[in-house]
Amino acid sequence: MYHCHTCFYLVGCQQRTFDIIKEMPPLDRFAHEFLQSCKPEAALTAMADVIFADLQEADWKAVLQTLALHKKNGAELILLTEKSNVETLFNSKEVSDIWITPMSDAEVRFRFLKWQQTWKSNKDFWLTRQYLETAINSVPNLIWYKTKDGIHVKVNDSFCAASGKTREQVEGRDHFFVWDVDPNDPETDGNSCMESERITMESEETCVTEETVKTGAGMRIFTTYKSPLYDVDGSVMGTVGVGIDVTQERTYQQELMKQTQKVETIFTSLDCGILRYTVNGRRLIDVNEAALELLGYESQEELEANTFDMIVSSIVDEDKEKVAEFLTRSETECGGSIGFCVRHKDGEMRTIMCDAEHSEENGELICQWFLLNFT
């Protein structure tokens, strides 16, 4: 994806070596530009990404001093020198590599190709790191990487925002420090966090848990996905975690449960009988106590056992045909009203007024009866 323009500065009189370097083709996605002079020049030095400096026929200390002073940050400095100078140059922080001269043409080509491959690996690493950083820092989810001992080695921006700490404060520290919890308290979330990481590393599978954490925005609930990370030898070396904030969703669920319970309470306690069934298939969905009492049954199961095609057995025979016609008509016209009589098991007669309404739930047409006692 990337394209790398590399500027080389060739300093000195190693003309044959420099000619071979200039003849070497660039690798894919790379382009070469060459600057050259016999003595180091500050302006050319400052432009170079890579400097090849021949120290054989020069005051190499002065050459090295000039190049080190003017080269830009990140530029590589490769020295071509005799073996006798290596020990003196070995500890120089400015030197990236030392090529021992004289070298054959084949050796120059070999050394430069190896340098190209290393240069490309560094750029590939830079690209991969950019992929990772951009991806993890562009999402609202918390992302973290830990050692097998639970030490954070990398976190994303969302993690820092949630913890209220900088990346420098977080990386290198454990869960207890990051989230300001007491490691000696068995009730803290840190213990469940460590347990889920242990399970992840032992099972070598992704572990999904729900954890409550005290953040800068208060207590938050996270659904976490933790997966094992592997070392070079294939052993587990740590975990990577993703935390999705589901606090609002859990609040909605709790509120929905409360509302559902309220509706169920109202549904079961109403004096008005309510019965609901599917229009397609006429399958009974639910019925409240008032409807059961009006129709003469003690449970939904008993009502279902005595109902065929929504014709309830307790309806008196002379009204069953009328009710069957009403069912067909109301389902076509999406509602209506009818009165009919039922006979309970003890012989008691009830006159019932039924209003029918229709609604759609999850793509299915539902009929709802409202039953009132008109005896």
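The values are calculated or read from the model by the stated rules, or taken from the named source; none is laboratory data. Model, not experiment: these values are computed from the prediction. Neighbour counts run over all protein chains shown; Cβ positions are idealised from the backbone, glycine included. Side chains are part of the model used for accessible areas, which takes the heavy atoms of the whole protein and leaves out ligands, DNA and RNA. Shrake-Rupley method; radii C 1.70, N 1.55, O 1.52, S 1.80 Å.
Side notes on the structure shown:
- Verdict on ASP124 being at negative phi and in contact (Cβ under 8 Å) with a residue 60 or more places away in the chain: no
- Wholly enclosed strands (runs of 3 or more DSSP E) of the stretch 297-375 bearing at least 2 residues surrounded by 13 or more Cβ atoms within 10 Å (Cβ to Cβ) and free of Cβ contacts under 8 Å to residues at least 40 places away in the same chain: 335-343, 349-361
- LYS120 meets the conditions (1) touching a strand residue (DSSP E or B) at 6+ places or on another chain (Cβ under 8 Å); (2) farther than 30 Å from ARG16 by Cα in every case but one. The failed one is (2).
- Scanning the stretch 273-294 turns up at least one residue that is modelled with pLDDT under 90, in a helix (DSSP H, G or I) and open to solvent by 50 Å² or more (accessible area, probe 1.4 Å).
- Restricting the stretch 143-168 to residues that are hydrophobic (A, V, I, L, M, F, W, C) and touching a strand residue (DSSP E or B) at 6+ places or on another chain (Cβ under 8 Å), the residue that is nearest to LYS214 (Cα to Cα): ALA162
- Candidate set from the stretch 98-110 (those that are open to solvent by 60 Å² or more (accessible area, probe 1.4 Å) and not aliphatic (A, V, I, L, M)); member that is nearest to GLN14 (Cα to Cα): PRO102
- Residue within the stretch 48-63 that is closer than 23 Å to GLN116 by Cβ, out of contact with any Lys or Arg (no Cβ under 9 Å at 6 or more places or on another chain), open to solvent by 30 Å² or more (accessible area, probe 1.4 Å) and not aromatic (Phe, Trp, Tyr) present: no
- Here SER314 qualifies as under 22 Å from THR375 (Cβ atoms) and not β-branched (Val, Ile, Thr).
- When we screen THR6, THR88 for residues that are of a type outside the set (A, V, I, L, M, F, W, C) and open to solvent by less than 70 Å² (accessible area, probe 1.4 Å), the only hit is THR6.
- Qualifying residues in the stretch 121-131 (those that are open to solvent by 40 Å² or more (accessible area, probe 1.4 Å) and not hydroxyl-bearing (Ser, Thr, Tyr)) - the one nearest to ARG173 (Cα to Cα): ARG129
- Given (1) touching a strand residue (DSSP E or B) at 6+ places or on another chain (Cβ under 9 Å); (2) farther than 23 Å from PHE125 by Cα; (3) β-branched (Val, Ile, Thr), number of the condition ILE20 does not satisfy: (1)
- Filter pass, ARG29 being open to solvent by 20 Å² or more (accessible area, probe 1.4 Å), over 19 Å from LYS123 (Cα atoms) and either in contact with a helix residue (DSSP H, G or I) (Cβ under 8 Å, 6 or more places away or on another chain) or not hydroxyl-bearing (Ser, Thr, Tyr) (or both): no
- Screening the candidates GLU94, GLU87 for the property of being without any contact (Cβ under 8 Å) to a residue 24 or more places away in the chain and either part of a helix (DSSP H, G or I) or farther than 14 Å from PHE112 by Cα (or both) yields one hit, GLU87.
- Restricting the stretch 111-120 to residues that are closer than 15 Å to ILE78 by Cα and among the charged types (D, E, K, R) leaves a set whose member that is most open to solvent (accessible area, probe 1.4 Å) is LYS114.
- Looking across the stretch 315-374, just one residue is under 56 Å from the mean Cα position of the chain (by Cα) and among the basic types (Lys, Arg), and that is ARG329.
- Annotation note: Cβ proximity below 7 Å between a residue of the stretch 193-206 that is closer than 15 Å to THR223 by Cβ and a residue that is among the basic types (Lys, Arg) (sequence gap 6+ or interchain) occurs for SER196/LYS226; THR200/LYS226; THR206/LYS226.
- Taking the criterion of being of a type in the set (Phe, Trp, Tyr) and in contact (Cβ under 8 Å) with a residue 24 or more places away in the chain, the residues of the stretch 129-158 that qualify are TRP144, TYR145.
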